[in-house]
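Peer 1: I have a structure I would like to understand better, so I am pasting it below and will then ask my questions one at a time.
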Amino acid sequence: MSEVGLECKLARNYTLENVPNALAYLLIKVIPDSSINFGALPINLGLVIDVSRSMRGKKIECARDAAKLVVNSLRADDYVSITTFSDEAMVIVPSTKAIEKDAIVSSLDKIHIISGTRMYHGMEAGAREMHKVRIGSTINRMILLTDGMTEGEDRCCAIAGQEAENKVAISAFGIGDKYNEELLIEIADKTLGTFYHLRAPEQIIEQFQKEVGLASASVISDVTLSLNLVKDVELEEMYRIFPSSVKLQPRVEADGKIISVEVGNLRKDEQTCFGAQLRLPARPASRVRIAQVFVSYNIPSLQIEDRVVKSDVIVEYTSARDLCGKVDREVVAYFNQLNAHKLIEQAIKETKLGNVSAATQILSQAQLITQRIGNVALTKSIEQATQELKEKGAISSEAVKTVRAGSGQTVRVEKTDLV
Amino acid sequence: MKCPHCSFEAPEKEQFCPNCGASFLVTESPQKTAALSALPSGTILNSKYHIEAILTGNLVNVYRASAQGEQNSFVIEEASIVRKKKLNIITRAIETLGHIKPWRPDAKKTEEKVAEAIADHFLPLREKFELLSSLNSSDFQRAHEYFVIGNTEYLVLENQTGKNMLDIVSEDLLSEDAAIDIAIQLCQCADRIHRAGYVHLNIEPGNICLLDGHVRLFNFERAIKLGGRRHEHLTAEGYSAPELLSDNAVIDARADIYSIGAVLHWMISRQNIPLAGASILRVLRSVSAPALARIIMSCLAHDPDQRFKTAGELREKLATYQLMQKRNFHFDTACLTDLGMIRQNNEDACLVLEISRSTDSGKNSYGLYLVADGMGGEQAGEVASSKAVEVISSAVLENLITPPDKLQSPFELVRNSIEKANSEIYNMARKSPQLSTMGTTLTLGFRVNNELYLGHVGDSRAYLIRDGIIKQLTHDHSVVAGLLKAGLITPEEARQHPDRGKIFRCLGSSPNVAIDTYREVGDEEKLDLQHGDSLVFCTDGLTAHVSDEEILAEVEKSNGACEACQRLIWLANERGGTDNISVIVAKSKNIKR
């Protein structure tokens, strides 16, 4: 019995015989065994905080309070470093074990506002601190907070790329409506982190704590998802769908058959869902194993290394159209969340081009999907964006950031909701 | 172990081929998966039908069969009438289909529940027979016979005839016009099904056939009563309305409207509607006009309330769009007149006008094509021909800006304007001795969108070129034409005949004139133009030297109307240019549709 269960389901188990290029939607669920005590892993936390002039006042106060609360919630074997950035980066707390919390907390009072925003300095210095103490079995999470546009966006993305290699996930927090959410989304996606949009400074406190809580639950580490596709089956796209959506960039292994992607650390208290969109070749009526899915992982807290679970994905080619018509609504519901995300991006693009009616129509489609799935928060923010669009012919920067952040946060589909 | 599918050598323990994925277990034949034990091939059913093969086996077995004396084959569906002893078999079959709701055979009213479960998958055979019989039309799959043998019911259906849409579109993309024609017919089919109180729920290319351009709809197994609910979620990827995946939604006609929109989009673009729904950009890119994209998007709205309410409403929209597209003509037009090689003055007059007018009610395009060949010596000929052109063009232009309630019909406008021109020329001739013998031929084409109205007096001509064939749209009012019509001379002799210039009808010679319209050649008031048509109007200075076939060839090989006019005049002059030559060429531009 493995610690992690693997469930692979297709949207349709049957496909019409002899039809080429049929699309198949594959849902891969990685489910931790809830009866197992997974223990805990030390966190290697890097706080990287914007201290440019626009952060003055409530924002920086809340950021300081949030950092203090986070430090206080860490365990003695966790590591923490605190870096601020404006024109330059300043390491306020070099990477250290979270033992002398009072000293760490008091150094937070040294945070001062300075003009300029060069986020890459902060990211580089923050990452350097994290690398100093990183040991093989820590959860590496950088929390990056900014409220403005930065110079050197390309450099920020390059650093995110490097940190993805170093297995540091960056959770990017944007506050207000002046920052570039596209940059923060890219940074988060590249490192398999999460993007958050904060409307008010008070949210920093709550969201930082939540993020550290989620990070500390991510004890299943170095998870790699591999697909062994049989001849003529092609992978078109691959995503992490739940708990948040990210487009994955799988690589083809040397033998050309196996496609793998590293998906970072997974939580012990929640299932993680992945989605693969496949193209199937034409085949006569028969039972075909189109793919084998392998998930390999470590659980350092249980001294488990390189454990692999696998599952077959089987399709029945048939002439019976009634069988082909049957869909698994759980799979469809998960993929529909990706679709809602794509629709929102498309609507934002249309709005920028001035196609208000097209954008409104696309948003209403997205809203219908999120409503059906029961994503209340996202439905509400789409509603607000649509309202703005109808009244003013445009969506405010604030609303764009809210729907974008919301569309990345998917919801769990309960089977009971579907019956 | 060698894979029977790809010949890959696989280790013994493998259940599936590691290379191609084929199962090494013997695939179960439809007979084995059938809920009912299937009839073997060769069985004679109901003393009439010869079972040839089982096509699929599940809750309902489907056979291909033939009957003596019948040319076409049949499809026979076989289902068990629910009896207690059949219960277990059916329960198993339902389980294989993965029925979502827990179902216990020991519950009360078991038989009804089983019947409900079957109805969740299929329209019961008797109900299907009754529905197809009531529809009783060549638009739908024919139901031949329903009968019961013991505990088993049978429905004999027509096998698919005609060409399947999947095959048609896989060979070549349909033109937008042809795709809309099919969608309009699908709307008519859907409308009839809805009026019968059902929704088809399975309108997808595989279930549509074309027989001599006529749409036929098959496979009614997923049909349900209007306003019904289905607990099983059977959908066709890319064609089924999203509400079919929802338990709470009541299914009505709008689900079929979604499917028709998806089929129309597929016929034009070969693209299915993805799970995320249609995007306006994607649809816009695949059609020729935003108006059609809007219609398709209205069909494909996620929310049924945003779709067309009835198939009739969708049909109306498509028909109106199609009509507007047919009317939307763009002509490349040119007009040229030449003295010829002999004459000292040019008595011909010609004029071309192309006008577009956009109003709230839509865009209209008009074309006016006039050639006149004056006669009467001295300068009188050109006075008559110019006057005819002036009077008629003024009348037509005036009519275009007249309030709609006082508008003359195009047919009347053509006749009235020619009569007006005749009486003005006649009065001028009476008042002035120098002009007393003047007169003119006149050939007039007035185009309103795709409709051409003709007015004609004399021996100038109008031609239509369509699909590589040239057709004269006017009869010459000349002596020679009479001889030719009587078979006394050949066309070649007519062109050389000494009396070839003599006409018996012209404008200006009498107070009243008999005017030919399109009725004289086509039995109708107007000619319906098609995309790709060309029109040629000319005076006899051209036709005296250039045959109809040569006109056709010159027009077809020319790059544009202007070049065609130049080529024709050059050819007439090369052969003598005995008279003034006037030519109008109007070529309909081919629009990608």
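The values are calculated or read from the model by the stated rules, or taken from the named source; none is laboratory data. Just so we're clear, the structure is a prediction, and the values are computed from it rather than from any experiment. Using ideal geometry, Cβ is built from the backbone for each residue, glycine included, and neighbour counts are taken over all protein chains shown.
Peer 1: Given the condition surrounded by 18 or more Cβ atoms within 10 Å (Cβ to Cβ), part of a loop (DSSP other than H, G, I, E, B), of a type outside the set (A, V, I, L, M) and free of Cβ contacts under 8 Å to residues at least 24 places away in the same chain, answer yes or no: does some residue in the range B:269-277 qualify?
Peer 2: No, there is no match, as no residue in the range B:269-277 is surrounded by 18 or more Cβ atoms within 10 Å (Cβ to Cβ), part of a loop (DSSP other than H, G, I, E, B), of a type outside the set (A, V, I, L, M) and free of Cβ contacts under 8 Å to residues at least 24 places away in the same chain.
Peer 1: Tally time: how many residues in the range A:325-379 are in contact with a Ser or Thr (Cβ under 7 Å, 6 or more places away or on another chain), surrounded by fewer than 22 Cβ atoms within 10 Å (Cβ to Cβ) and within 15 Å of A:Ile395 (Cα to Cα)?
Peer 2: The qualifying residues number 3.
Peer 1: Can you spot a residue in the range B:176-186 that is surrounded by fewer than 22 Cβ atoms within 10 Å (Cβ to Cβ), free of Cβ contacts under 8 Å to residues at least 60 places away in the same chain, out of contact with any Pro (no Cβ under 8 Å at 6 or more places or on another chain) and on the phi > 0 side of the Ramachandran plot?
Peer 2: No, because not a single residue in the range B:176-186 is surrounded by fewer than 22 Cβ atoms within 10 Å (Cβ to Cβ), free of Cβ contacts under 8 Å to residues at least 60 places away in the same chain, out of contact with any Pro (no Cβ under 8 Å at 6 or more places or on another chain) and on the phi > 0 side of the Ramachandran plot.
Peer 1: Among strands (runs of 3 or more DSSP E) lying entirely in the range B:278-376, which contain 1 or more residues that are without any contact (Cβ under 8 Å) to a residue 60 or more places away in the chain and surrounded by fewer than 17 Cβ atoms within 10 Å (Cβ to Cβ)?
Peer 2: Numbers: elements: B:331-338, B:348-359, B:362-375.
Because the criterion is at least 1 residues that are without any contact (Cβ under 8 Å) to a residue 60 or more places away in the chain and surrounded by fewer than 17 Cβ atoms within 10 Å (Cβ to Cβ), the strands (runs of 3 or more DSSP E) in the range B:278-376 that meet it are B:348-359, B:362-375.
Peer 1: Give the residues of the range B:518-549 that are within 31 Å of the chain's Cα centre (by Cα), crowded, with 20+ Cβ neighbours inside 10 Å and within 20 Å of B:Ala421 (Cβ to Cβ), sorted by residue number.
Peer 2: Hits for the range B:518-549 are B:Tyr518, B:Phe537.
Peer 1: Return the residues of the range B:430-470 that are in contact with a Lys or Arg (Cβ under 9 Å, 6 or more places away or on another chain), closer than 18 Å to B:Ala380 by Cβ and surrounded by fewer than 21 Cβ atoms within 10 Å (Cβ to Cβ); say none if nothing qualifies.
Peer 2: Matches in the range B:430-470: B:Ser436 only.
Peer 1: Which of (1) closer than 28 Å to A:Lys326 by Cα; (2) out of contact with any His (no Cβ under 6 Å at 6 or more places or on another chain) does B:Phe147 not meet, given it meets every other one?
Peer 2: (1)
Peer 1: Right, next: Could you list, in sequence order, the residues of the range B:187-208 that are outside any helix (DSSP H, G or I), of a type outside the set (Phe, Trp, Tyr) and buried (at least 20 other Cβ atoms within 10 Å of the Cβ)?
Peer 2: As a first pass, look at the range B:187-208 and keep what is outside any helix (DSSP H, G or I): B:196-204, B:208.
Next cut, of a type outside the set (Phe, Trp, Tyr) only: B:196-197, B:199-204, B:208.
Of everything in the range B:187-208, those that are outside any helix (DSSP H, G or I), of a type outside the set (Phe, Trp, Tyr) and buried (at least 20 other Cβ atoms within 10 Å of the Cβ) turn out to be B:Val199, B:His200, B:Leu201, B:Asn202, B:Ile203, B:Glu204, B:Ile208.
Peer 1: Let me ask something else. Answer with yes or no whether A:Ser357 is over 21 Å from the mean Cα position of the chain (by Cα), within 18 Å of B:Ile273 (Cβ to Cβ) and hydroxyl-bearing (Ser, Thr, Tyr). Let's see the steps before the verdict.
Peer 2: Details: over 21 Å from the mean Cα position of the chain (by Cα): yes; within 18 Å of B:Ile273 (Cβ to Cβ): no; hydroxyl-bearing (Ser, Thr, Tyr): yes.
So A:Ser357 fails the test.
Peer 1: Go through the range A:122-150 and give me each residue that's surrounded by 24 or more Cβ atoms within 10 Å (Cβ to Cβ) and more than 23 Å from the chain's Cα centre (by Cα).
Peer 2: Selection gives A:Glu129 alone.
Peer 1: What do you reckon, is B:Ala253 over 25 Å from B:Leu157 (Cα atoms) and either within 14 Å of chain A (Cβ to nearest Cβ) or crowded, with 23+ Cβ neighbours inside 10 Å (or both)?
Peer 2: Working: over 25 Å from B:Leu157 (Cα atoms): no; either within 14 Å of chain A (Cβ to nearest Cβ) or crowded, with 23+ Cβ neighbours inside 10 Å (or both): yes.
Against the criterion (over 25 Å from B:Leu157 (Cα atoms) and either within 14 Å of chain A (Cβ to nearest Cβ) or crowded, with 23+ Cβ neighbours inside 10 Å (or both)), B:Ala253 does not qualify.
Peer 1: Against the conditions (1) within 14 Å of chain B (Cβ to nearest Cβ); (2) of a type outside the set (Gly, Ala, Ser); (3) surrounded by fewer than 17 Cβ atoms within 10 Å (Cβ to Cβ), where does A:Arg75 fall short? Just the number, please.
Peer 2: Among (1) within 14 Å of chain B (Cβ to nearest Cβ); (2) of a type outside the set (Gly, Ala, Ser); (3) surrounded by fewer than 17 Cβ atoms within 10 Å (Cβ to Cβ), the lone unmet condition for A:Arg75 is (1).
Peer 1: Out of the residues in the range A:337-362 that are among the basic types (Lys, Arg) and more than 8 Å from chain B (Cβ to nearest Cβ), which is farthest from B:Leu201 (Cα to Cα)?
Peer 2: Pass one, the range A:337-362, residues among the basic types (Lys, Arg): A:342, A:349, A:352.
Restricting the remaining residues to those that are more than 8 Å from chain B (Cβ to nearest Cβ) gives A:349, A:352.
Values: A:Lys349: 34, A:Lys352: 38 Å.
Out of the qualifying residues, it is A:Lys352.
Peer 1: Any residue in the range B:26-37 that is out of contact with any helix residue (DSSP H, G or I) (no Cβ under 7 Å at 6 or more places or on another chain), exposed (fewer than 14 other Cβ atoms within 10 Å of the Cβ) and at pLDDT 80 or above?
Peer 2: no
Peer 1: Provide a single number: the residues in the range B:555-576 that are surrounded by fewer than 22 Cβ atoms within 10 Å (Cβ to Cβ) and not hydroxyl-bearing (Ser, Thr, Tyr). If you could, list the steps in order and put the result at the bottom.
Peer 2: So in the range B:555-576, the residues surrounded by fewer than 22 Cβ atoms within 10 Å (Cβ to Cβ) come out as B:556-560, B:562-563, B:566-567, B:570-571, B:573-576.
Subsequent filtering for residues that are not hydroxyl-bearing (Ser, Thr, Tyr) retains B:556-557, B:559-560, B:562-563, B:566-567, B:570-571, B:573-576.
Number satisfying all stated conditions: 14.
Peer 1: Name the pairs whose Cβ atoms lie under 6 Å apart, with the first residue in the range B:144-163 and surrounded by 18 or more Cβ atoms within 10 Å (Cβ to Cβ) and of a type in the set (Asp, Glu), the second part of a loop (DSSP other than H, G, I, E, B) and modelled with pLDDT under 90, and 6 or more positions between them or separate chains?
Peer 2: B:Glu153/B:Ile81
Peer 1: For the range B:467-519, which positions are among the basic types (Lys, Arg), touching a strand residue (DSSP E or B) at 6+ places or on another chain (Cβ under 8 Å) and not in a loop (DSSP other than H, G, I, E, B)?
Peer 2: If we filter the range B:467-519 for residues that are among the basic types (Lys, Arg), which is where we start, we get B:471, B:485, B:495, B:500, B:502, B:505, B:519.
Pick out the ones that are also touching a strand residue (DSSP E or B) at 6+ places or on another chain (Cβ under 8 Å) and you get B:471, B:500, B:502, B:505.
Passing the criteria: only B:Lys471.
Peer 1: Going by the conditions given, is A:Arg307 at the interface with another protein chain (Cβ under 9 Å from one of its Cβ atoms) and either farther than 19 Å from B:Gly238 by Cβ or outside any helix (DSSP H, G or I) (or both)? Talk me through it step by step, then tell me what you get.
Peer 2: Working: at the interface with another protein chain (Cβ under 9 Å from one of its Cβ atoms): no; either farther than 19 Å from B:Gly238 by Cβ or outside any helix (DSSP H, G or I) (or both): yes.
Judged against the criteria, A:Arg307 is not a match.
Peer 1: Further question on the same structure: Within the bounds of the range A:277-290, is there any residue that is assigned to a loop (DSSP other than H, G, I, E, B) and aliphatic (A, V, I, L, M)?
Peer 2: Yes, the conditions are met somewhere in the range A:277-290.
Peer 1: Got at least one residue in the range B:264-272 being modelled with pLDDT under 85 and more than 10 Å from chain A (Cβ to nearest Cβ)? If you could, list the steps in order and put the result at the bottom.
Peer 2: Applying the first criterion (modelled with pLDDT under 85) to the range B:264-272 yields B:270-272.
Subset that is more than 10 Å from chain A (Cβ to nearest Cβ): B:270-271.
The answer is yes; a qualifying residue exists.
For every residue, the table says whether it meets (1) of a type outside the set (Lys, Arg); (2) on the phi > 0 side of the Ramachandran plot; (3) within 10 Å of chain A (Cβ to nearest Cβ).
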position	(1), (2), (3)
B:Tyr198	yes, no, no
B:Leu211	yes, no, no
B:Gly227	yes, yes, no
B:Leu245	yes, no, yes
B:Tyr258	yes, no, no
B:Ala262	yes, no, no
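Peer 1: Is it the case, given these coordinates, that A:Val411 is away from chain B (no Cβ under 13 Å), part of a loop (DSSP other than H, G, I, E, B) and either under 28 Å from A:Gly5 (Cβ atoms) or at pLDDT below 90 (or both)?
Peer 2: Numbers: away from chain B (no Cβ under 13 Å): yes; part of a loop (DSSP other than H, G, I, E, B): yes; either under 28 Å from A:Gly5 (Cβ atoms) or at pLDDT below 90 (or both): yes.
Criteria met by A:Val411.
Peer 1: Related question: Please work out which residue is farthest from the chain's Cα centre (by Cα), limiting yourself to the range A:202-240 and to residues that are among the basic types (Lys, Arg) and within 30 Å of A:Ala66 (Cβ to Cβ). Give the steps one after another, and end with the answer.
Peer 2: Applying the first criterion (among the basic types (Lys, Arg)) to the range A:202-240 yields A:210, A:231, A:240.
Next, from what is left, pick out any that are within 30 Å of A:Ala66 (Cβ to Cβ): A:210, A:240.
Numbers: A:Lys210: 14, A:Arg240: 7 Å.
Checking each candidate, the answer is A:Lys210.
Peer 1: Let me ask another. What are the pairs, 6+ residues apart or on separate chains, where a residue within the range A:318-336 that is more than 8 Å from every other protein chain (Cβ to nearest Cβ) has its Cβ under 6 Å from a residue that is surrounded by 21 or more Cβ atoms within 10 Å (Cβ to Cβ) and assigned to a loop (DSSP other than H, G, I, E, B)?
Peer 2: A:Asp328/A:Ala11; A:Glu330/A:Val413; A:Val331/A:Ala11; A:Ala333/A:Val413; A:Tyr334/A:Val413
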